Each structure stands twice: as C-alpha cells, then as structure tokens.
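*Asks:* First the structure, which I've put down as structure tokens, then a few questions once you've had a look.
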Amino acid sequence: MEAQIKEFMDGVRMKNPGEDEFLQAVEEVVETVWDFYQENPHYKKAKILERMTEPERVIMFRVPWVDDNGEVHVNRGFRVEFNSAIGPYKGGLRFHPSVTLSGLKFLGFEQTFKNSLTSLPMGGGKGGSDFNPKGKTDFEIMRFCQAFMSELYRHIGPNTDVPAGDIGVGGREIGYLFGQYKKLRNEFTGVLTGKGIEYGGSLIRPEATGYGAIYFVREMLAEKDDSLKGKTVALSGFGNVAWGAATKAVELGAKVVTLSGPDGYIYDAEGVSGDKIDFLLELRASNQDIIKPYADQFGVEFFEGKKPWDQKVDIAIPCAIQNELNKEDCELLIANGCTLIAEASNMGCTAEAAFLASEKISFAPGKAVNAGGVAVSGLEMSQNSMRINWSEEEVDQKLNQIMTNIHKVCVEYGTGFDGSVNYIKGANIGGFVKVADAMMAQGIV
Ligand code: 2IT
C-alpha cells in the first residue's frame, strides 16, 4: 500500500512541482482514503482520485490599480475552480502577500471536501491575490477590489462560481466586489456570500466559522463525556474566526487566554470576554494587523514574535493561517497537558503536528472544524435564491445541526478498532464519498 501511495504521489508531484502546500493537502487525503479507494474498484477504474487532484480550471490574471499618490501597482489575481461535481464552485478569496497558486490550489482542494461535508450543494473553489491590505486606505482597498472584479466577473455567477471572504477579505471588501460585479453585469444576484445584511447577506455569517468550530469542539468533547465548561483555550489570530470562536467558547463556559498576530501573542489570565472581544473588531478595522494594542489597552502580557503554543492550556485552536503550529509546538502543548487541538484555520498544523496530535490526543482538521463558515454561505445562497431572510435563531440552529452532523460523519468513517476516532480519516472519507459518487454519475467530464 505504501508503495502504491508513493507512486500516486510521485505522479502528483511531477505535475505540480514545488507546490508544497498543495502536495501536503493532497498527501493527507490520499493516505487516509487509500484503503477505501482500493475497496471500491469502480472509483479506481474511473481514476476518481487522479481527477479530483486536478483542478477543473485555473484562472490567473493581472490586477493593475492606482494608489492614493497616483502610483501604479500590479498584483496577480487567481481563481481556482477545483471541483463542480456537487454544486457551483464555492470558496473564499484571500488577499494576503503570501498568496500563491500552490496555496490557492491547496485551499481549493480542501474546500471541495469541506463543502461536501456540509451536506449542502456546493463544489470547491478558492481565489485571491498577493495584494497586501495592511496599511491601505479605504479608497485603495476599493480600487483594488474593483480592479480585481473587472476581470473575475466574467468567470463567476450565482450558478457557476460563488466566491466569499477569507483572510484579508471581509464585509467591506465583499461590498466593493459586489458593487463592481453588479455594475458590470447589470444584475443583482447572490454571486458572492458574506454580503451585508442590507443587500442579501445572512445573519450569523460573520460569526459562523468561529461558532461552528466551537460547536464541533463541543461534540468532540461530548464524545468523551466531557464539556467546554472550565476549559482553558489558546486561540491564535484575532480576525473573524478567532472573534467568533472566542464569543462562543466563552458562552459555553470556557476561558480563552491567548490571541495572536504577526507581531506576537497576548496572554490574558482573566480571559478574553465581553468588551475585550468587541475590541478585536476595532483592531481589525485599523488595518494594522497587530495584536499588541490589546495588551496595551487591557494591561496584559505581550510576547513579541512568539506563538501562543507555549502556554499551558486544555485546548488549542489555531485560527490564523496554514502551518502555524508545527511538531515542536504540538509536543510542547501535549507536554503542558493539552488534550485537544482543533484547526479552525485551513491546515493550521503542519503534517507532522497533525499526525502527532491525532496519535496522542484528540485532533480534528480544518475541513471539518471550520466548515461552519462555508455552511452559512450555503445558507446565504439558499436565502438569496428564495428571496427571503432567515432569523438569527434559524441560521444558528441550522449551523449547529450541520456541525453536529459533520462530527457524526467523522465518527462514522473515522472510528478505529480500539474505538478512538481519527478525525482526519473520518473527514476525508466522509467528504470524498459524495463527490466521488457524483463524479461517477456524471461520466468522464
Ligand atoms: O475557508 C473557507 O471555508 C472560507 N474562507 C469560507 C468560504 C465561503 O465560501 O464562505
């Protein structure tokens, strides 16, 4: 089996040289679905895995824009339309200087499985740009979004490809992108999700990824007859995901003690709650991308240039960017008594850290844990199609149900002979089956 996996991965590596993040994401899936793949020779005959690891389409384009001083800039825009077997391509746009084709291919690939797990009809896609929003003015952000959409609009549509936000793309950016799409197409449709409430957005969408992650962690703990009450939690990041996760974790009785930014992390022994959580919104709006002002404002410790994984906590939830928790971090967390790591970010752990964590403690991967964000995007699409708005309670209840169900699917496909749950395996096989069966039904296309 090892040799066969290696042969398969050699093929993928040859086709995608140097795309380390994409190869990391593919390898994790291939390793965990391989047995299942062998047991179902009809998939193998149809080369389902070979087809799933090749994006249906990749669009790359120039994004020229002018800053407030009249200087011209050129960024690169992307949309990776990975898989449309179970619905229109669906996934976020990331604006961050680290964005590359490899990164977006990894994210689009993961998104396909994640979206399948939500049980909603959404294919997988991802896009973005190497544009750095840090320090940009509102007008510069608007001009960049308009320039980006001036090309993207011809490739997307409510039944074709429905982008949303991701790192660096929040409500403001979605507004500018939507405005430009509407102007160019002369059409008011649900072509983007994460929209403002006034123009077709869904309640709970901003909170959804973080809330969903905590609902999932609640289920992981319940599986072991445990709960969030009294648990200490380390979060990284301070954006949308960390904000939602902190809110829901506190509501369910946990204490959040860390947050982080590219500049370091803060440790709040009293717990991040109430006004302190609201402060994150102010921090984000300042466009500076630093967490230190939290420490200054509330008089807590700031650890410059460090990650929060050296603190003693019960639960660690990476909420920032890929590969931000490595094997050493994982060892340190476990040595300090941490018993659960859940990725609220996409591939927040390196492959070695994820492997170690799933051997020693409870570990769940991003495609299961953070699926609540895209799930509520799916609910936003439904509301747009029906031209109705659901209440906060209705959306939250559906989100809760979806996360509970994803957990069930992980347990169904991931439970080993000893009764322990391998969430990586459970999520990968659970996400794979629906996409594979839809591809089988649709022929070689
Ligand atoms: O990684 C993700 O799932 C997202 N950035 C959300 C995608 C979406 O379409 O809402």
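The values are calculated or read from the model by the stated rules, or taken from the named source; none is laboratory data. Everything numeric here is computed off the predicted structure, so don't read it as measured data. Ideal geometry is used to build each Cβ from the backbone, glycine not excepted, and the neighbour counts take in all protein chains shown.
*Asks:* Does G103 satisfy the condition of being more than 11 Å from the ligand (Cβ to nearest atom), within 16 Å of the chain's Cα centre (by Cα) and on the phi < 0 side of the Ramachandran plot?
*Replies:* So G103 fits the description; yes.
*Asks:* Can you find a residue in the range 191-205 that is assigned to a helix (DSSP H, G or I), more than 16 Å from the ligand (Cβ to nearest atom) and buried (at least 24 other Cβ atoms within 10 Å of the Cβ)?
*Replies:* Checked against the condition, which is being assigned to a helix (DSSP H, G or I), more than 16 Å from the ligand (Cβ to nearest atom) and buried (at least 24 other Cβ atoms within 10 Å of the Cβ), the range 191-205 yields no hits at all.
*Asks:* Of the residues I341, I334, I315, I361, which single one is touching a Gly at 6+ places or on another chain (Cβ under 9 Å) and more than 16 Å from the ligand (Cβ to nearest atom)?
*Replies:* Checking each option against the conditions leaves just I341.
*Asks:* Can you tell me which residue in the range 235-255 is surrounded by the most Cβ atoms within 10 Å (Cβ to Cβ), limited to those that are touching a Leu at 6+ places or on another chain (Cβ under 8 Å) and farther than 22 Å from G194 by Cα?
*Replies:* L235
*Asks:* Of the conditions (1) within 16 Å of the ligand (Cβ to nearest atom); (2) aliphatic (A, V, I, L, M); (3) in a helix (DSSP H, G or I), V162 clears all except one; give me its number.
*Replies:* (3)
*Asks:* Please go through the range 308-361 and pick out each residue that is charged (D, E, K, R), surrounded by 17 or more Cβ atoms within 10 Å (Cβ to Cβ) and closer than 27 Å to F109 by Cα.
*Replies:* E324, D329, E343, listed by residue number.
*Asks:* Of all residues in the range 216-237, how many are within 15 Å of the ligand (Cβ to nearest atom) and more than 18 Å from I321 (Cα to Cα)?
*Replies:* The total comes to 1.
*Asks:* Mind telling me which of the residues G212, G170, G194, G230 ends up being touching an Asp or Glu at 6+ places or on another chain (Cβ under 8 Å) and of a type in the set (G, A, S)?
*Replies:* The match here is G194.
*Asks:* Give the residue that is nearest to N16 (Cα to Cα), with candidates limited to residues of the range 54-83 that are touching a residue at least 60 places away in the same chain (Cβ under 8 Å) and not in a strand (DSSP E or B).
*Replies:* Per the criteria, the residue is D67.
*Asks:* In this structure, does T209 turn out to be in contact with a strand residue (DSSP E or B) (Cβ under 7 Å, 6 or more places away or on another chain), surrounded by 20 or more Cβ atoms within 10 Å (Cβ to Cβ) and of a type in the set (S, T, Y)?
*Replies:* no
*Asks:* Do we have any residue at all in the range 364-376 that's more than 16 Å from the ligand (Cβ to nearest atom), crowded, with 24+ Cβ neighbours inside 10 Å and farther than 17 Å from W243 by Cα?
*Replies:* Scanning the range 364-376, I find no residue that is more than 16 Å from the ligand (Cβ to nearest atom), crowded, with 24+ Cβ neighbours inside 10 Å and farther than 17 Å from W243 by Cα, so the answer is no.
*Asks:* Right, something else. Output the number of the condition that N186 fails; it satisfies all remaining conditions of (1) of a type in the set (S, T, N, Q); (2) surrounded by fewer than 24 Cβ atoms within 10 Å (Cβ to Cβ); (3) in contact with a helix residue (DSSP H, G or I) (Cβ under 9 Å, 6 or more places away or on another chain).
*Replies:* Here N186 meets the rest and fails (3).
*Asks:* I'd like to verify a number: residues in the range 173-183 that are more than 16 Å from the ligand (Cβ to nearest atom) and either surrounded by 18 or more Cβ atoms within 10 Å (Cβ to Cβ) or modelled with pLDDT under 95 (or both), how many?
*Replies:* 2
*Asks:* Looking at the range 343-381 only, could you name the residues that are without any contact (Cβ under 8 Å) to a residue 40 or more places away in the chain and in a helix (DSSP H, G or I)?
*Replies:* Once the filter is applied, which keeps residues that are without any contact (Cβ under 8 Å) to a residue 40 or more places away in the chain and in a helix (DSSP H, G or I), the range 343-381 yields E352, A353, F355, L356, A357, E359, K360.
*Asks:* Are there any pairs with C-beta distances below 8 angstrom linking a residue in the range 191-207 that is closer than 19 Å to G168 by Cβ and of a type in the set (S, T, Y) to a residue that is within 11 Å of the ligand (Cβ to nearest atom) and in a loop (DSSP other than H, G, I, E, B), with the two at least 6 apart or on different chains, and if so which?
*Replies:* T193/S202
*Asks:* I'd like to check which strands (runs of 3 or more DSSP E) are fully inside the range 209-309 and have at least 1 residues that are without any contact (Cβ under 8 Å) to a residue 60 or more places away in the chain and not acidic (D, E).
*Replies:* Once the strands (runs of 3 or more DSSP E) in the range 209-309 are filtered for at least 1 residues that are without any contact (Cβ under 8 Å) to a residue 60 or more places away in the chain and not acidic (D, E), what remains is 255-261, 264-267, 301-304.
*Asks:* Checking G125 against (1) more than 13 Å from the ligand (Cβ to nearest atom); (2) within 16 Å of the chain's Cα centre (by Cα); (3) among the small types (G, A, S), which test does it fail?
*Replies:* (1)
Each row is one residue, and each column tells you yes or no for (1) aliphatic (A, V, I, L, M); (2) under 28 Å from V272 (Cβ atoms); (3) in contact with a strand residue (DSSP E or B) (Cβ under 7 Å, 6 or more places away or on another chain).
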{"position": "N159", "(1), (2), (3)": "no, no, no"}
{"position": "V162", "(1), (2), (3)": "yes, no, yes"}
{"position": "Q180", "(1), (2), (3)": "no, no, no"}
{"position": "E198", "(1), (2), (3)": "no, no, no"}
{"position": "M220", "(1), (2), (3)": "yes, yes, yes"}
{"position": "A234", "(1), (2), (3)": "yes, yes, yes"}
{"position": "V241", "(1), (2), (3)": "yes, yes, no"}
{"position": "A246", "(1), (2), (3)": "yes, yes, yes"}
{"position": "V250", "(1), (2), (3)": "yes, yes, yes"}
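*Asks:* Also, I was wondering about something else. I need a count of the residues in the range 219-234 that are aliphatic (A, V, I, L, M) and under 21 Å from the mean Cα position of the chain (by Cα).
*Replies:* Here the count works out to 3.
*Asks:* Oh, and also: Please determine, by comparing only the residues of the range 81-98 that are of a type in the set (A, V, I, L, M) and farther than 25 Å from P133 by Cα, which one is farthest from the ligand (Cβ to nearest atom).
*Replies:* A85
*Asks:* Scan F95, F22, F36, F82 and give me the residue that is surrounded by 15 or more Cβ atoms within 10 Å (Cβ to Cβ), in contact with a Pro (Cβ under 7 Å, 6 or more places away or on another chain) and farther than 22 Å from A147 by Cα.
*Replies:* One residue alone meets the criteria, F82.
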